[in-house]
Amino acid sequence: MTTPQTRMSVGHALRDMRIITRRNLLRFLRMPQLLVFATIQPVMFLLLFNFVFGGAITFGFGGADGGDYINFLIPGILVQTVVFGATNTTVGLTEDLAGGVIDRFRSLPMARSAVMGGRTIADLVRSALVQSLMLIVGVIIGFQAASWPGLLLGLILALLFGFSVSWFFAALGLTVRNPEAAQGASFFLVFPFVFASSVFVPTQTMPDWLALFAEHQPVTILTNTVRKLSFPDVPIAGGDSVESLVLRSALWIVGLIVVFGWLSVRQYKKVVA
C-alpha cells in the first residue's frame, strides 16, 4: 500500500532532493568503477584525438608553435564530456526502475520532484569532477587558455548545458524504462550531435549539407562559446561575437530545462501513478 501524496512545501522538496542527491553520490563511492570508467573514456578521447590528429590538424588556433590543436580540442572535449556524462541519467533512472527503487520512493512521504532533481544534480556533480580532471590532463599535455576567467565561465556554461541535457535523458529513460535499451538509445542519439559538430574539427571542413546541421545544433554552439571565451581574439566559424554565443547557449540551456524538465516530470507521474 502506498502513502498518499500530499502537497509538499518548497523547503521539504529541497530537503528531499538533497537526500536523494547524497544517495546517488554515495553510489559512486560504493561503486568507484562507475567513476573510473566515466573518467577513462573522455581521457582516451582527449589523448587519442590530440596525438593521432594533432599533427595533421594545425590551423593557427591560439598558438604559434604548431602544437595548437590542443587549444582547439580542449573546449570541445569539455562539452563532449558533459554530454556523454548526461547519458548516465538515463541509465541510472532505468536501473532504479528495474530494481524497484522508484517503487520504494513512491511509498515514502517525499516530494516526487526530489527523485528527478536528485538524479540530475548528482550527475552534474560527477560531470564537474570529470571535467576538472580533463582540464588538468589538457594543461599537462600543452593546453593554455588565452583567458582563464573566460574559460571558467565557459566551464560553468558547459556544466549547465550538461545539466539541461540530463533532463532530456531523464525523459528518455522514463519512456524506455529498460537499462540496456536506454543505454543504446542514448548513445544512438548522442553520437550524431557530438561528432557532427565543431568538437573535433571546424565545421567549414564538412560538406555543405552536414555543415548546415553542425553549425546550428547546440553542441557546436556551446563548443564555440567555450572556445571564444577561452580565446577572445581567435575568430570562430560564423563570425559570432562572444555576447551572441553566450546568449544562444543560454537560450538552449533554458529551453532544454523547461521543455524536458516538464516532460520528464510528466512522464515520472505516469510511471509512479
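The values are calculated or read from the model by the stated rules, or taken from the named source; none is laboratory data. This is a predicted model, so every value here is computed, not measured. Heads up, the Cβs are rebuilt from the backbone with ideal geometry, glycines too, and the neighbour counts pull from every protein chain shown. SASA here: full protein model, heavy atoms, side chains in, ligands and nucleic acids out. Shrake-Rupley method; radii C 1.70, N 1.55, O 1.52, S 1.80 Å.
Of the residues making up the range 96-134, those that are at pLDDT below 85 and among the acidic types (Asp, Glu) are ASP96, ASP103.
Of VAL190, VAL165, all but one fail to be surrounded by fewer than 21 Cβ atoms within 10 Å (Cβ to Cβ), in contact with a helix residue (DSSP H, G or I) (Cβ under 9 Å, 6 or more places away or on another chain) and at pLDDT 90 or above; the exception is VAL190. May I ask you to verify whether LEU152 is outside any loop (DSSP other than H, G, I, E, B), of a type outside the set (Gly, Ala, Ser) and buried (at least 17 other Cβ atoms within 10 Å of the Cβ)? Spelling it out, it is not the case that LEU152 is outside any loop (DSSP other than H, G, I, E, B), of a type outside the set (Gly, Ala, Ser) and buried (at least 17 other Cβ atoms within 10 Å of the Cβ).
A count restricted to the range 69-86 and to residues that are farther than 14 Å from PHE161 by Cβ and not hydrophobic (A, V, I, L, M, F, W, C) stands at 2.
Can you find a residue in the range 96-119 that is among the β-branched types (Val, Ile, Thr), more than 19 Å from ILE20 (Cβ to Cβ) and either out of contact with any Lys or Arg (no Cβ under 6 Å at 6 or more places or on another chain) or not in a helix (DSSP H, G or I) (or both)? Among the residues of the range 96-119, not one is among the β-branched types (Val, Ile, Thr), more than 19 Å from ILE20 (Cβ to Cβ) and either out of contact with any Lys or Arg (no Cβ under 6 Å at 6 or more places or on another chain) or not in a helix (DSSP H, G or I) (or both), which makes the answer no. Quick one: is TRP209 closer than 19 Å to GLY85 by Cα and open to solvent by 70 Å² or more (accessible area, probe 1.4 Å)? The answer is no for TRP209. Just one residue in the set GLY173, GLY239, GLY255 is modelled with pLDDT under 90, exposed (fewer than 13 other Cβ atoms within 10 Å of the Cβ) and farther than 15 Å from GLY154 by Cα; that residue is GLY239.
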